[in-house]
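Below is one structure, written out as structure tokens; comments come after it.
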């Protein structure tokens, strides 16, 4: 994939599982053939940036020697699948059966999620077809965002095949949201609608007790890390008894070990390297691309600006708001609306409220004035008020005025 800083390789690692030496080898290859920047995406895929037409072939050969790469229909399971004592069913056999279905003609973004409903779920991850464990033998089916019904495990593969075939007949642009729920129920001979009960959002950061092992999740700041830091982390993992590193949603890396004390050591080492090790870290509220530091399309050093803002004003990022800092209007780091979005433009930085990077901005100011503008915004918060409540109370016009002030 061509990007502003060269070619990007997105690796679908089977089940997201890598031994520490494999992760280390991938990071070395990223530095040798790319620009040394690696990312874990919001869906838990691994990306390597800055490849060139001259290095891409050698990089692909190096990766093939390190790990298998998954291709074909995207079927995702939670990162702790099969190891989680709290999941209602092991989703892996069902996922593997769906992955093996002989269906052609689907769009490349069509995604199936099979979720065992354990300590880490995929509720916040979009899918065309979602099967969520209701019990060891029954699954809630959702297509797009529409609940369809509940079915036995024995019927779930056939149901997925029917829905995927309907999508394939509509062409490569068809997605689950395009299928009417009543049509799906008729095709599956379902009448009852069973909606999965709501559950609190699960975090990928922290400690998890598994079957005969333990896990600890850390996140990459702004979803990205340099190869040197990842090499150091993987090398430390190799020496501390960590058996596996698992890519996880929300830019997270899970370490698995039979020794819980090894994970405590790893968490301390990860914090020293700049990784996010606690759910309350304010950097979790910010999405930022590499910007002008590594992308020809970027007009501002997006991650450097994001780091400056979170260091100067951590209280603003209290979990109630999101900030997107984008080097340009493409908004690659966060393709959804954010509470506030800063967008690089030629010579300036634009502010968007409750929108996307490409939306009409409230105001444009010089990047050098951004920190003082945020200081004025933070001063508007009332005692005990969340940042989200503050932004709502102020409204777009007042926020724009605060940023216009010299």
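Please treat every number below as a calculation from the coordinates, not as lab data. Note that the coordinates shown come from a computational prediction; the quantities given were computed from them, not determined experimentally. Every residue, glycine as well, gets a Cβ built from its backbone with ideal geometry; the counts of neighbours run over all protein chains shown.
With label points built 7 Å along Cα→Cβ from the Cα atoms of residue 211 and residue 243, find their separation and express it in nm.
Simple spin-label model gives 1.3 nm for this pair.
Taking the Cα centre of each part, how many Å lie between segment 292-327 and segment 60-104?
Distance between centres, Cα-based: 33 Å.
Quick check: pseudo-label points 7 Å beyond the Cα along Cα→Cβ at residue 201 and residue 183, how many nm apart are they?
Computed distance between label sites residue 201 and residue 183 equals 3.3 nm.
Below 8 Å between Cα atoms, with a sequence gap of 6+, how large is the relative contact order for the chain in percent? Intermediate values should be presented prior to the final figure.
Numbers: 860 pairs, mean separation 53.7, N = 406.
This gives 13 percent for the chain.
Run lengths n ≥ 4 of DSSP H only: what is the helix-derived mean residue ellipticity at 222 nm for the chain, with -39500 (n - 2.57) per run over all residues, to the nearest 500?
On the way: 10 runs with 122 residues, N = 406.
Rounded to the nearest 500, the figure is -9500 deg cm²/dmol.
At 7 Å along the Cα-to-beta-carbon direction for both residue 296 and residue 364, put a label point, then send me their distance in nm to one decimal.
Distance between label points: 2.3 nm.
For segment 297-397, what relative contact order do you get, as a whole percent, if you take Cα pairs closer than 8 Å and at least 6 residues apart? Before the final figure, lay out each step's value.
Working: 160 pairs, mean separation 24.3, N = 101.
Computed value for segment 297-397: 24 percent relative contact order.
Ranking 363, 256 by Cβ neighbours within 10 Å, fewest first, what do you get?
Working: 363 18, 256 22.
Lowest to highest Cβ neighbour count: 363, 256.
Only one of the values [x] 69, 42, 39; [y] 60, 46, 32; [z] 66, 51, 45 was calculated from this structure for Cα extents along the principal axes in Å; name its label.
Only one option fits the structure, namely [z].
Given 0.36 nm per residue, what is the gain on full extension from residue 173 to residue 271 after removing their alpha carbon distance, in nm?
Working: separation 98, 0.36 × 98 = 35.28 nm, distance 4.25 nm.
Result for the pair: 31.0 nm of gain on full extension.
Could you tell me whether segment 187-286 comes out rounded, prolate or oblate from its Cα gyration tensor? Rule is a ≥ b ≥ c as square roots of the eigenvalues, rounded for a/c under 1.5, then prolate if a/b exceeds b/c, otherwise oblate.
prolate
Between residue 372 and residue 393, take the C-beta separation as r, use R0 = 25 Å, and let me know the FRET efficiency to the nearest 0.05. The partial results should precede the final answer.
Values: r = 21 Å, r/R0 = 0.85.
Efficiency for this residue pair is about 0.70.
Does a label point 7 Å from the Cα of residue 382, set along Cα-to-beta-carbon, have any residues of segment 319-355 with amide nitrogen under 20 Å, and which are they?
Correct set: 319-321.
Remind me, relative contact order of segment 40-106 in percent, using alpha carbon pairs under 8 angstrom and six or more residues apart?
On the way: 20 pairs, mean separation 14.7, N = 67.
Computed value for segment 40-106: 22 percent relative contact order.
To the nearest 0.05, how large is the calculated FRET efficiency for residue 261 and residue 345 if R₀ is 35 Å and r is the Cβ-Cβ distance? Walk me through the numbers before you get to the answer.
Values: r = 50 Å, r/R0 = 1.43.
About 0.10, to the nearest 0.05.
With a ≥ b ≥ c the root eigenvalues of the C-alpha gyration tensor of segment 283-404, is it rounded (a/c under 1.5), prolate (a/b larger than b/c) or oblate?
Details: a/c = 1.63, a/b = 1.51, b/c = 1.08.
Verdict is prolate for segment 283-404.
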